[in-house]
Amino acid sequence: MLRHYYISDDLDDLEAIENELESKGFSKPQIHVLSEKDAEVEKHHLHAIEAVLKQDVVHSTEIGAVFGAIGAAIILGVAYFMGWTESAAGWLPFVFLAVVVLGFCTWEGGLIGIQVPNYQFKRFQKLLKQGKHVLFVDLDADQEAVVNEVVKHHPRLKHAGTGEATPSWVVKGQDKFQRFMKTMP
């Protein structure tokens with residue numbers, strides 16, 4: 001999947017675009033609006049970004065986990081090569097320390113991520129502060145012509161590039177979950 005970004009200052013226009021895309025087969029999980037005016041986005045029934053995803057929590061947590069895994073591997077490697085695992089305590093204290101290091105680094109990565117904007121949205125921070133809104137659409141290659149056709153009818157919408165999209169299996173899973181929730185009493 002590929003993500004297309006568009007900039008607008010008109011939430012009514014974005015609502016019309018979202019409705020057009022949905023009528024042409026796009027699902028809600030494929031269309032998002034990033035804005036600092038969350039209440040206004042909600043009034044227009046647009047699919048907004050969750051607050052936690054506006055920050056870099058997930059990405060930073062993953063980076064922290066990688067550093068934690070490296071640290072844990074170093075601890076276990078040093079303990080093995082120094083022969084410390086041959087003592088009466090064996091592997092237990094070193095495995096425990098490795099798990100603690102992994103957990104701490106992962107946690108610390110998440111704490112750092114809370115404090116910074118999502119790495120995918122950093123380039124839009126100045127525009128968001130100016131009151132603009134960012135529409136982004138995750139699409140398959142065969143849906144690109146449909147998006148271009150819809151966007152052509154909205155001249156105030158400005159293309160702002162492309163980027164890394166949510167994996168298609170996640171989008172399809174979210175879509176199935178939403179349909180399931182609508183059918184449940």
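The values are calculated or read from the model by the stated rules, or taken from the named source; none is laboratory data. Quick caveat, the model's predicted, so the values are computed rather than measured. As a convention, Cβ positions derive from the backbone with ideal geometry for all residues, glycine included, and neighbour counts pool all protein chains shown. Accessible surface is based on the protein model in full, side chains and every heavy atom, while ligands, DNA and RNA are left aside. Shrake-Rupley method; radii C 1.70, N 1.55, O 1.52, S 1.80 Å.
Here LEU102 fulfils each of the conditions (1) without any contact (Cβ under 8 Å) to a residue 12 or more places away in the chain; (2) closer than 24 Å to ILE63 by Cβ apart from (1).
Can you confirm whether region 112-124 contains a residue that is in a helix (DSSP H, G or I), among the charged types (D, E, K, R), loosely packed, with under 14 Cβ neighbours inside 10 Å and under 16 Å from the mean Cα position of the chain (by Cα)? Looking through region 112-124, at least one residue is in a helix (DSSP H, G or I), among the charged types (D, E, K, R), loosely packed, with under 14 Cβ neighbours inside 10 Å and under 16 Å from the mean Cα position of the chain (by Cα).
Here is a yes/no grid of residues against (1) of a type outside the set (Gly, Ala, Ser); (2) within 16 Å of TYR6 (Cβ to Cβ); (3) without any contact (Cβ under 8 Å) to a residue 12 or more places away in the chain:
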residue	(1), (2), (3)
GLY90	no, no, yes
GLN130	yes, yes, yes
LEU139	yes, yes, no
LYS158	yes, yes, no
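Among residues that are under 20 Å from ARG123 (Cβ atoms), open to solvent by 20 Å² or more (accessible area, probe 1.4 Å) and over 19 Å from the mean Cα position of the chain (by Cα), ASP13 is not included.
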